[in-house]
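Asks: A single structure is presented below for examination.
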Amino acid sequence: MRFREVFETATDRRKAHRALLAVFLDMLEDFPALDGFLKTYERWQEGILNYFEAGQTSGPVEGINNKARVIVKRAYGLKSADSLWNRLILDLNRAKDIVVHTISEIHDLVAGFRTIFSPACT
């Protein structure tokens, strides 16, 4: 509860850093086995504290990356980049919320992505 409170109330990275350290010290007193969690925080401290600069996360991008991984696993491997893009677009199912292009414009956009990413998808 206190951990979440830090993310909801800290107004800058310095205050957040102090508050998180206080939470971690209390946590280690009660649960010394969580030392590995603290080591992870220390390793990613800069990135975690960056959140307090602008309140932005990479959550949406991570979500799309995870969705793509799930599609590949669920399909037992895809034969082409076309299949991945088609499944990803269908699974994200957000077209109705953000449609600003015609179908032919979307096809052109996807063709551009294929040009960039096809060498990586073998």
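Asks: Among (1) at pLDDT 80 or above; (2) surrounded by fewer than 10 Cβ atoms within 10 Å (Cβ to Cβ), there is one condition residue 60 misses while meeting the rest; what is its number?
Replies: In the conditions (1) at pLDDT 80 or above; (2) surrounded by fewer than 10 Cβ atoms within 10 Å (Cβ to Cβ), residue 60 misses (1) alone.
Asks: Taking the range 1-14 only, how many residues are in contact with a Phe, Trp or Tyr (Cβ under 8 Å, 6 or more places away or on another chain) and either part of a helix (DSSP H, G or I) or over 10 Å from residue 49 (Cα atoms) (or both)?
Replies: So the count comes out to 4.
Asks: Considering only residues that are among the acidic types (Asp, Glu) and surrounded by 11 or more Cβ atoms within 10 Å (Cβ to Cβ), which ones fall in the range 1-41?
Replies: 5, 26, 35
Asks: Cβ contacts < 6 Å: first residue within 18 Å of residue 42 (Cα to Cα) and without any contact (Cβ under 8 Å) to a residue 24 or more places away in the chain, restricted to the range 1-30; second residue open to solvent by less than 50 Å² (accessible area, probe 1.4 Å) and charged (D, E, K, R), any location; separation 6+ or different chain. Result?
Replies: No pair meets every condition.
Asks: Another question, if that's okay. For residues that are more than 23 Å from residue 57 (Cβ to Cβ) and of a type in the set (Asp, Glu), tally how many sit in the range 7-47.
Replies: Of the residues in that region, 4 qualify.
Asks: Starting from the range 39-56, take each residue that is farther than 10 Å from residue 17 by Cβ and list its partners that are open to solvent by 100 Å² or more (accessible area, probe 1.4 Å), counting only C-beta distances under 9 angstrom and pairs at least six apart or across chains.
Replies: 50/56
Asks: Take the residues of the range 76-91 that are farther than 18 Å from residue 112 by Cβ and touching a helix residue (DSSP H, G or I) at 6+ places or on another chain (Cβ under 7 Å): which is modelled with the lowest pLDDT?
Replies: 78
The values are calculated or read from the model by the stated rules, or taken from the named source; none is laboratory data. Treat the numbers as computed from the prediction; the structure is a model and nothing was measured. Cβ atoms come from the backbone with ideal geometry, glycine included; neighbour counts cover every protein chain shown. For accessibility, only protein heavy atoms count, side chains too; no ligands or nucleic acids. Shrake-Rupley method; radii C 1.70, N 1.55, O 1.52, S 1.80 Å.
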